[in-house]
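Novice: Once you've had a glance at the structure underneath, I'll fire off some questions.
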Amino acid sequence: MSLHDPGWAWFEPAGAMPAGDGEPADPDLAKAFARCFRGDDGGRVMDHLRAITLGRAHGPGASDAQLRHAEGQRQLVAYVNALIERGRQAG
């Protein structure tokens, strides 16, 4: 059973997870992300998040758990970045 099965619906707040196609359940969410990160401070925060996640390489001694944790962080930062870009394009 996956997290998106109806049996797990009680576990997540309404609108928290993207719809099945990766789009947020709330159509105005992307615009909210764009507004939140539009200024210099928002850009600085996103630059920092990209640097510590997307720009970080793990050495050959990294454990499976470390790699999985890092990949989760990267996915979240990429998702936030995609919402920001989508919100900017939507105007």
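Read the figures in this text as sums done on the coordinates, not as results from a lab. Nothing here was measured: the structure is a model prediction, and the numbers come from that model.
Novice: In angstroms, what radius of gyration and Dmax does region 20-80 have, counting Cα atoms only?
Specialist: Rg and Dmax of region 20-80, Cα atoms, are 14.3, 42 Å.
Novice: How long is the gain from Leu67 to Cys36 if the chain were fully straight, where each residue apart is worth 0.36 nm and the alpha carbon distance is subtracted?
Specialist: On the way: separation 31, 0.36 × 31 = 11.16 nm, distance 2.93 nm.
Separation in residues times 0.36 nm, less the Cα-Cα distance, equals 8.2 nm.
Novice: Another question about this same structure. Subtract the Cα-Cα distance of Ile52 and Asp28 from 0.36 nm times their separation in residues, and report this length gain in nm to one decimal. Could the numbers behind the result be given before it?
Specialist: Working: separation 24, 0.36 × 24 = 8.64 nm, distance 2.80 nm.
Contour length minus the Cα-Cα distance gives 5.8 nm.
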